[in-house]
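> Mind having a look at this structure? Questions to follow.
The values are calculated or read from the model by the stated rules, or taken from the named source; none is laboratory data. Note that the coordinates shown come from a computational prediction; the quantities given were computed from them, not determined experimentally. Cβ placement follows ideal geometry from the backbone for every residue including glycine, while neighbour counts extend to all protein chains displayed.
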Amino acid sequence: MSAGRHPRHGLDELLTNGVRLSIVSALSGVERAEFALIRDTVEITDSALSKQVTLLEAAGYVGVDKGRVGRRPRTWLRLTTAGQQALTRHLGALEDIAQSAGRLAFVLDGHTRL
Amino acid sequence: MTTEQAAADLVRARQSAEQVRARAQWSARYLGVFAAGFAAITLILGLMHPFWLRMSVWGAVWGVLVVGMVAWARSQPAQPEGSRRWRSAWAWAGTGVLYGVTLWVGDPAQLGRMTYWVPAAVLVALPLAAAAWRERQA
């Protein structure tokens with residue numbers, strides 16, 4: 001079988017981890033979001049999120065900006081263009097995999113009725 | 001990866017995106033407050049006198065409005081996409097132009113006349129109010 005024919009070849013290895021996929025997806029609809037908001041959305045600890053963000057930042061998928069609002073220090077996370085492209089590809093592959101089940105069920109259903 | 005896993009991942013991804021996007025939808029309130037603020041400063045400029053009181057109150061209201069709203073926007077945990085912010089540019093331009101025209105026509109010829117300044121204040125606020133309504137529906 002040649003590489004790239006099965007939809008699983010479109011999956012991004014880094015995003016096959018559910019937590020990392022949630023982080024990147026959460027950032028996909030906004031320009032940037034606070035670290036704390038992503039932590040609460042994904043429901044993980046600060047340290048777990050830091051670890052995953054470090055991996056995503058090293059891959060060039062997520063950017064990290066530090067600043068202050070008034071006297072409070074803030075950390076902002078944003079999805080990079082490379083991250084957006086990787087997410088789009090990954091979600092496309094997931095959809096293909098999910099739909100292939102539907103097609104298979106349809107074929108099998110038709111087969112049993114014949 | 002199984003088809004069930006793929007479907008579950010898709011659902012999780014959609015939920016995360018929607019949850020955070022919802023926290024970035026504060027711009028309706030932001031636009032609405034500025035619409036009310038523009039109406040207020042239009043009324044202040046047209047109806048308040050003497051001159052020194054008018055300019056003092058106008059400056060104070062405008063200053064509090066801008067500083068307060070910029071600080072509030074910066075404190076929001078998620079910022080909307082750039083393209084989304086530009087969607088209301090027409091409303092800012094519309095309110096700005098109407099505000100300028102209202103003052104140009106009404107000052108000093110219509111100063112103190114409620115029949116001019118109240119409809120003018122509503123008109124000035126209209127573009128930003130419409131943008132706020134549109135953002136709320138989005």
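> Quick check, is B:Ser16 surrounded by 18 or more Cβ atoms within 10 Å (Cβ to Cβ), within 14 Å of another protein chain (Cβ to nearest Cβ), in contact with a Pro (Cβ under 7 Å, 6 or more places away or on another chain) and of a type outside the set (A, V, I, L, M)?
Taking the combined requirement at face value, the residue does not satisfy it.
> Here is a further query. Name the residues in the range A:1-13 that are in a helix (DSSP H, G or I) and either out of contact with any Leu (no Cβ under 9 Å at 6 or more places or on another chain) or modelled with pLDDT of 95 or more (or both), would you? Talk me through it step by step, then tell me what you get.
Of all residues in the range A:1-13, those in a helix (DSSP H, G or I) come to A:7-10, A:13.
Selection gives A:Arg8, A:His9, A:Glu13.
> Considering the range B:74-96 alone, what residues qualify as being surrounded by 14 or more Cβ atoms within 10 Å (Cβ to Cβ), of a type in the set (A, V, I, L, M) and either without any contact (Cβ under 8 Å) to a residue 60 or more places away in the chain or within 9 Å of chain A (Cβ to nearest Cβ) (or both)?
Matches in the range B:74-96: B:Ala78 only.
> Next question, about the same structure. In the range B:44-55, is there at least one residue being out of contact with any helix residue (DSSP H, G or I) (no Cβ under 9 Å at 6 or more places or on another chain), within 14 Å of another protein chain (Cβ to nearest Cβ) and aliphatic (A, V, I, L, M)? So that I can check it myself, show each step before the final result.
Restricting attention to the range B:44-55, the residues satisfying the condition of being out of contact with any helix residue (DSSP H, G or I) (no Cβ under 9 Å at 6 or more places or on another chain) are B:49-53.
Right, trim to within 14 Å of another protein chain (Cβ to nearest Cβ) and you get none.
No, the range B:44-55 has no match at all.
> Still on this structure, please answer the following. Checking A:Ile97 against (1) surrounded by fewer than 20 Cβ atoms within 10 Å (Cβ to Cβ); (2) of a type outside the set (S, T, N, Q); (3) touching a Pro at 6+ places or on another chain (Cβ under 9 Å); (4) not in a strand (DSSP E or B): exactly one of these is not met. Which one?
(1)
> Something else now. Just to be sure, is B:Ala109 more than 14 Å from chain A (Cβ to nearest Cβ) and at pLDDT 95 or above?
Working: more than 14 Å from chain A (Cβ to nearest Cβ): yes; at pLDDT 95 or above: no.
No.
> What's the total number of residues in the range B:19-44 that are buried (at least 18 other Cβ atoms within 10 Å of the Cβ) and either modelled with pLDDT under 95 or under 22 Å from B:Ser75 (Cβ atoms) (or both)?
The number of residues fulfilling the criteria is 13.
> May I ask you to list the residues in the range A:37-58 that are in contact (Cβ under 8 Å) with a residue 24 or more places away in the chain and within 11 Å of another protein chain (Cβ to nearest Cβ)?
Residue satisfying the conditions is A:Ile38 alone.
> What's the number of the condition A:Arg39 fails, among (1) out of contact with any Leu (no Cβ under 7 Å at 6 or more places or on another chain); (2) under 26 Å from B:Ala71 (Cβ atoms); (3) modelled with pLDDT of 95 or more?
(1)
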